[in-house]
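The next block holds one structure in the form of structure tokens; read it before the comments.
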Amino acid sequence: MRPFLLITLLLLTACGSPATTPPSAPPGPPAVLGGVALPVTTGAALGVQALTFREGDVTFTRPGAASVQSAGGFDYLRAQFEVKNVGTTPFDNLTLVAVAKQGNVGGTPIKAITDFGGVPSSDQAALVPLVTPTPAVAVAASGALSLVPDAADFVALPDAEVTALPGQSGWNAFYGPQDTPLNYGFTVSRCSAAACTRTLKPGESGTVNVALRVPKGTAVGASYGFLMNFALVNDPVTRVTRSVVPPESAAAAAARLDALGASGGEVMQLEPTAQALPAGRAGQTVPSVRLSRDGADLLTALTTVQTTPLGAVNLALNPDDRTVTQDSSGALEFTPGVFTDVDDVHGGMRYVTRTFEVRNVSGRTLPNVTLRAIARPGNLGGTAVVEVRGAPTVSEPQGPLITDSAFAQAFRPVHRTVLGASSPEIDAGGASFQAYRAAENQALQARAGLGADVTVLEYGFTVGGSGTRTLAPGDVTRINVAYRFPRRFGTQQRPFAMTLSFVAVTEDGVRVSQAVGESRAQLVDRAQGLLGTAQVVQVNATDGTDPLESDVTGLLPMITPDVRVGTQTGLRP
């Protein structure tokens, strides 16, 4: 009980004695009514801890412990609070707007952590900015997520309204110049068997659900205890925010707004995923939802891959090699299959693909199995290339060794490429290339146990192509390891056999990445093809910095324009 007693003391300290706040404002700009630090804890109930504000007259009561559900690499927390209007003025859309107070963890609204799912305190500052607000969700036995409609209280807010809050006297009574309101929150609803409303008349009570998705990382256990800072804001506009995880259509979000029975109102959408709204329904798009004062944002956090390393493995792209190889953990077995060699005479490029049969020889299910490229000491030019050999000769039957590091640095990972009617073309069904953010690689490098002198590069190859990417024990699928490089390179011989180094991993999300030579239309088509096997598919454009727009429910756009394929080289020349 000691950690939760500490939370009680912190809660009372954070709020202090009842404070004077301005009265509720008439319809107009959102009005700050006060500030509160609420506990999100899976511990036993604290008892009736009511936080009362003299003017505004709001009490918060925590009825019990926060719930935890797990799916993939995440815990989904949901803390409920009863909110009562004990004054004489009705509230409309009373919203808890997240506030990153000075001194909070990672520049977020979170502070006073006593437990974070087993994550050690030394790792919390890096993990907390990846905590995302969500509508309340239910997790099925299969791991699929669904909204809890009467508890989907998360709201994204317009930047202009949020940045105006510190100019109000109500804000200044609770917060200092270094405290930053973020453009999201959770809105109070009053629900009955018939319907929900956002109006809280004097004497009425409603409920607010503070719901969060937390990356599990290396954590064990599901105990949580921390505080979150919020400003209490009376918002004259009734808003519903369309969910992107779990996926929700604009029409479904509009239906949730209609069910509230309020006149007018707005459907809020994250800009890269915005869809057309039903006729007569108003809405706004939000360019990004800020999760911290330091730049963390919702879409980045939702598309950050959580990776579990298995073991290192070297694989040969050699038409004569038939060696069956296991990764160093013994979880996966790689059997060489078809070797494809396509020359683009006009373009001066050569495309080589080796298809490997991948078997799960472990005793557990492995999701989204991927080979992440690594640069080891002794590799050529800071790349994943261990060695390259030219065509065999009588004197050198294995082929002469090519030692020029510039040759390896000219390698570019691609999708499996086949000979088309007039030129090489991508085999969409065999597309395995995957790209990653630098931060994702740094997180893997810290966990993979590969050694300080090994660099995880920002690309890899994923199993399955257009099929399932999850392997149950004994399951077999394929992976295509594919590269493009110049047909001729100075005086070097034409390469015949290459060996490359990887670390095998599993990942918590389904992602498709744009390879060299692939259009965005092809990329989106591949992503849509996977929606039958996954609720959410990340669509990763690598060809520039222009936002990738997608109005397809379940597709999460992301951009990774700077992909390092070597310690000194990028994806494109």
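Scan segment 190-212 for residues that are open to solvent by 10 Å² or more (accessible area, probe 1.4 Å) and under 29 Å from the mean Cα position of the chain (by Cα) and the total you get is 1.
Would you be able to tell me the number of residues in segment 273-302 that are more than 30 Å from GLY103 (Cβ to Cβ) and open to solvent by less than 20 Å² (accessible area, probe 1.4 Å)?
Within segment 273-302, residues that are more than 30 Å from GLY103 (Cβ to Cβ) and open to solvent by less than 20 Å² (accessible area, probe 1.4 Å) number 1.
Residue-level analysis places THR403 among those that are touching a helix residue (DSSP H, G or I) at 6+ places or on another chain (Cβ under 8 Å) and either closer than 14 Å to PHE461 by Cβ or open to solvent by 40 Å² or more (accessible area, probe 1.4 Å) (or both). Scanning segment 243-272 for residues that are without any contact (Cβ under 8 Å) to a residue 24 or more places away in the chain and surrounded by fewer than 22 Cβ atoms within 10 Å (Cβ to Cβ), we see that the one that is nearest to THR163 (Cα to Cα) is SER263.
The residues listed here are VAL313, VAL214, VAL240, VAL208; of these, the one that is under 30 Å from GLY87 (Cβ atoms) and out of contact with any helix residue (DSSP H, G or I) (no Cβ under 6 Å at 6 or more places or on another chain) is VAL208. Scanning segment 553-570 for residues that are over 15 Å from LEU299 (Cβ atoms) and open to solvent by 10 Å² or more (accessible area, probe 1.4 Å) gives THR553, PRO561, ASP562, ARG564, THR567, GLN568, THR569, GLY570. Checked against the criterion of being modelled with pLDDT under 95, in a loop (DSSP other than H, G, I, E, B) and over 19 Å from LEU270 (Cα atoms), segment 119-137 contains one or more residues that satisfy it.
Taking segment 331-371 as the search range and keeping residues that are out of contact with any Pro (no Cβ under 9 Å at 6 or more places or on another chain) and of a type in the set (Gly, Ala, Ser), which one is most open to solvent (accessible area, probe 1.4 Å)? Checking each candidate, the answer is GLY337. For the residues SER122, SER146, the requirement of being without any contact (Cβ under 8 Å) to a residue 40 or more places away in the chain and either at negative phi or not β-branched (Val, Ile, Thr) (or both) singles out SER122.
Of the residues making up segment 423-432, at least one is out of contact with any helix residue (DSSP H, G or I) (no Cβ under 7 Å at 6 or more places or on another chain), at pLDDT 95 or above and open to solvent by less than 10 Å² (accessible area, probe 1.4 Å).
The values are calculated or read from the model by the stated rules, or taken from the named source; none is laboratory data. Just so we're clear, the structure is a prediction, and the values are computed from it rather than from any experiment. Note: ideal-geometry Cβ built from the backbone for every residue, glycine included; neighbour counts use all protein chains shown. Calculation scope for accessible area: heavy atoms of the full protein, side chains included, ligands and nucleic acids excluded. Shrake-Rupley method; radii C 1.70, N 1.55, O 1.52, S 1.80 Å.
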